[in-house]
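Okay, so here's the structure we're looking at.
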Amino acid sequence: MTISHWQHQSDARAKIVQDFADGYDDASIDVQNIPYESYFQKLGAALEADTGPCVFQLPANILAEFHDRDELAPVPESVMSAEEIESSFTPASIELLNIDDEYYALPTDVQTLMLFYNDDLFEEAGLDPSQDFETWDDLVAAAEKLTKTSGDKMIQAGIDISASPYQWFYSAPTLAYPEGLVADETGDVEYDSEPGYQAWDRLTSLVTDNAVDDPEFLAEQSKFGLGKAGMTFKEFTFTGVYQLTAPDLNFSVHVAPPVTDDAAAPVASTSWSYAVSADCEDQDAAWEWVAHLTSEESQRVWIEGGGELPSRTALLDDESLQGDSNIAAGFTALAEAVPYDSRGWDDAYAIQQEIWDEITLNGTAVEDAVDKGAEAERELYRTKGLLE
């Protein structure tokens, strides 16, 4: 028996999955790693033509789109019951995998969105790098202390946000509402209202008013990775990225303060999932492979080699996996996390990036830019059949 398995290319992930496949005795696993830029196009076309893989990787928040096209097989009771799934995995990692009271995927690549400090720059500015900020004003005040200019040129950003702000798009509007970025009952976006306007205003004000970052300063480069920014906001996996690409960078990981006055949750998370095609000839065998990929034993490997957080609740309290304070911070945050629940992925991100650009580059009023973006995201959902 051969099970075809597709995922987007990631060097660390590719090696781990291939190692799992090479040691898997129950079936032969044909792993294909597809460049991210073409992954969704190839996957969508293959599934539509009934030539797709049995097992494939999807962001949790677009699973519903594939479900509505009848392209997914539910997790069979023989592999894991709903009760077993709910008792085994963290709530944030499985919330978006349940559709009409059935689970259609199991979670992988779990990330919390965290605030990173450059500890050396903090101490140089007279700030304590061991403390989380309690309020947004505290963060802004610290970012202003961390910002350096020479004449009218920035030489050190207080916070690295302009080059890659999408993590804030995922986090701040999601945490602003009790039901997340998308309302549970209607499936409609919520961020074109208070407190969504406040979230977008405060984020963009870091550039437009507080001037703690400048889009022209080291444009499109990792200012934080270069040691030229006091803070950045990234997925937890960047703990591993910075250790690899900037080994001399002395940094720590923290929970960010709430962007809005009455945030509904402290931390947002993202995750991907492994799903099985409705056209797979041996769905039970495919699900057994997915169960193996997401088992406690496998997740230990993901944590050590892939910079991921566990979705298995049994691993959250395992101190042997928390080798330093940065990893421990990610584990602690995960216990309280809620999922980023946009029903789009790169397509929704492009809309949210346009909101950012309109405000920070073109000077558009916050509410006007947000209203326009939210309506564009609604139209995106309509084209997918996810919103009336």
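The values are calculated or read from the model by the stated rules, or taken from the named source; none is laboratory data. Source: prediction; values computed, not measured. For neighbour counting, all protein chains shown are included, and Cβ atoms are generated from backbone atoms with ideal geometry for every residue, glycine included. Just the protein is used for accessible areas: all its heavy atoms, side chains included, with ligands, DNA and RNA removed. Shrake-Rupley method; radii C 1.70, N 1.55, O 1.52, S 1.80 Å.
Entry note, the chain: the mean residue ellipticity at 222 nm calculated from DSSP H runs of n ≥ 4, each adding -39500 (n - 2.57), is -12000 deg cm²/dmol after division by the residues and rounding to the nearest 500. The mean accessible area for residues of the chain, using a 1.4 Å probe and ignoring ligands and nucleic acids, is 43 Å² per residue.
Among the GluC sites (Glu not before Pro) in region 233-341, those placed in a DSSP loop whose Cβ has at most 15 other Cβ atoms within 10 Å are E281, E336. Taking the Cα-to-Cβ direction at L361 and at Q131 and moving 7 Å from each Cα, how far apart do the two end points lie in nm? Result for the modelled spin labels: 3.8 nm. Multiplying the residue separation of E194 and D346 by 0.36 nm and subtracting their alpha-carbon distance yields 52.2 nm.
Around the amide H of D341, modelled in the peptide plane, lie the amide H atoms of L181, V182, all under 5 Å away and 5 or more residues distant in sequence or on another chain.
For region 84-148 versus region 246-278, the spacing of their alpha-carbon centroids is 3 Å. Normalised by 2.2 N^0.38 Å, where N is the number of residues, the C-alpha radius of gyration of region 1-132 stands at 1.36.
Cα centroid separation, region 14-28 to region 190-234: 41 Å. What the Cβ-Cβ distance of V301 and K42 gives, at R0 = 25 Å and to the nearest 0.05, is a FRET efficiency of 0.40. Across the chain, counting alpha-carbon atoms alone, Rg and Dmax equal 21.1, 68 Å.
In this entry, region 232-388 is assigned a mean projected area of 13.3 nm², taken as a quarter of its C-alpha convex hull surface.
The amide H of Y177, built 1.01 Å from its N in the peptide plane, has A264 as neighbours under 5 Å, considering only residues 5 or more places off or on other chains.
Accessible area per residue was computed with a 1.4 Å probe on protein heavy atoms; D19 scores about 80 Å². Taken along the Cα-to-beta-carbon direction at a fixed 7 Å, the label points for E83 and D25 span 3.0 nm. In region 315-388, which trypsin sites (Lys or Arg not before Pro) fall in coil by DSSP and have 13 or fewer other Cβ atoms within 10 Å? Qualifying residues, ordered by number: none. Here the Karplus curve 6.51 cos²θ - 1.76 cosθ + 1.60, taken at θ = phi - 60°, turns the phi angles of region 68-75 into couplings of 5, 9, 6, 9, 10, 9, x, 5 Hz, with x standing for Gly and Pro.
Take the Cα atoms of region 82-220, build their convex hull, and give its volume per residue in Å³. Per residue, the Cα convex hull of region 82-220 comes to 156 Å³.
The distance between label points at L244 and E354 comes to 3.3 nm (points 7 Å beyond Cα on the Cα→Cβ vector). Here the accessible area of region 4-132 is 43 percent carbon and sulfur, with a 1.4 angstrom probe and all protein chains present. Here the Karplus curve 6.51 cos²θ - 1.76 cosθ + 1.60, taken at θ = phi - 60°, turns the phi angles of region 105-118 into couplings of 6, 10, x, 8, 6, 8, 9, 9, 9, 10, 9, 9, 10, 8 Hz, with x standing for Gly and Pro. Within the P(r) computed for region 268-333, what percentage of the Cα pairs occupies the region above 15 Å? Above the 15 Å cut-off, region 268-333 has 57 percent of its Cα pairs.
In a DSSP loop and with at most 10 other Cβ atoms within 10 Å, the GluC sites (Glu not before Pro) in region 19-97 are E77.
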